Structure formats: C-alpha cells, structure tokens
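The values are calculated or read from the model by the stated rules, or taken from the named source; none is laboratory data. Predicted, not measured: the structure shown is a model, and the values here were computed from it. Cβ atoms come from the backbone with ideal geometry, glycine included; neighbour counts cover every protein chain shown. These area figures cover heavy atoms from the full protein model, side chains too; ligands, DNA and RNA do not enter into them. Shrake-Rupley method; radii C 1.70, N 1.55, O 1.52, S 1.80 Å.
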Amino acid sequence: MNHDESPLPATGDLARGLDRVLVPHGERLTVRCLTDASALAEELEVQVEHLRRERERSGFLFDAAPFACLATDADGRIVEANRAAAELLGVPPARLAGQRIGRFLGAEHRRPLPARLAALRPGEADRWRAALTRGSAPVQLHCRMAEHAPAAACLLWMVTPG
C-alpha cells in the first residue's frame, strides 16, 4: 500500500495533515471536503450529547415525579413506570414492565378497560375514577393516547388521588 492509499483514521480530526485521500472509486477528496466532514462530525457529536442530556433530564423528571406515571402499549401493557407508580401498585419498578395495567384495577373497572382504550384516538384523553386491587382509596386514572409516540408506548397514564 503506498502513502496515498493509507486508510483514514477512525477518530480525530480527519483533515489534520492530509491534503488528499484516495477513496475506493479513485476520486480525490480535498482538504475542504475533509474539513467540512470533520465540522459535520463535530456538530453531530454536539447534537448527540445534547440529546443524551435531554433524555437524562426527562428520565429524571419522569422518575422523580410525585405522582404515578406510566406508559403502556395500546393494550394497556406497561412499558415504563416511575417510582411513585411502583409504590402505589406495590410492585418493584423492574417487575412492572410487561404487566397489564388492568391487573391492578378492581374487577368492576377491569372489564370495561379494553373498550375504553380501544375508543381512544391519537391526542385524545380519558379520565375515570377506579379502585385499585391493593385496597387503597379510589384513584383518578388519566389516560392520553400520544400523537407521536414510539410504537411500544402509545398510552400515557397519570394516577392521582380520587
């Protein structure tokens, strides 16, 4: 392999010290192209870091909320729950994922749940009073179908005192 065909470094400033690079099709990239690519890579790194911090912040807010918050799929299967939800439902947070929210409702509120969830459309909300199987005082269930949500979590829930 001659000097012109040396592979690009995996990390670092690609343009530093290079005046041209031979790519598989024999086209030569100029320092300007490498500089532009390097600037784009740096901008992408900045954006990725910003998204990581925002995700961390929103995860903290979700988990630290003083009221029970849950995300479920369209059938009411729990995808994510915060600490307050785990405490209210009496189940460790790690064991809530995959369980149906109806499991925690009294029988009289569990039966109509599938029809209520099926009636929701993106952006719509529903609220009703229900009793939990744990014997606590009645609670208000606030449910909203997200308009733009990941496929796994399309229903957002908040449980407040009745």
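Residues considered: Gly76, Gly90, Gly102, Gly106. Of these, the only one that is touching a residue at least 24 places away in the same chain (Cβ under 8 Å), in contact with a His (Cβ under 9 Å, 6 or more places away or on another chain) and open to solvent by less than 60 Å² (accessible area, probe 1.4 Å) is Gly102. The C-beta contact set for the stretch 38-57 (first residue of a type in the set (Gly, Ala, Ser), second residue surrounded by 10 or more Cβ atoms within 10 Å (Cβ to Cβ), distance under 6 angstrom, 6+ apart or interchain) comprises Ser38/Asp13; Ser38/Leu14; Ser38/Ala15.
Sub-6 Å Cβ pairs linking a first residue in the stretch 60-72 that is charged (D, E, K, R) to a second residue that is modelled with pLDDT of 85 or more and open to solvent by less than 20 Å² (accessible area, probe 1.4 Å), at least 6 apart or interchain, are Asp63/Asn82, ordered by first then second residue. With respect to (1) farther than 24 Å from Arg129 by Cβ; (2) open to solvent by 80 Å² or more (accessible area, probe 1.4 Å), the lone exception for Ala97 is condition (2). Within the set Ala137, Ala125, the sole residue that is over 25 Å from the mean Cα position of the chain (by Cα), of a type in the set (Gly, Ala, Ser) and on the phi < 0 side of the Ramachandran plot turns out to be Ala137.
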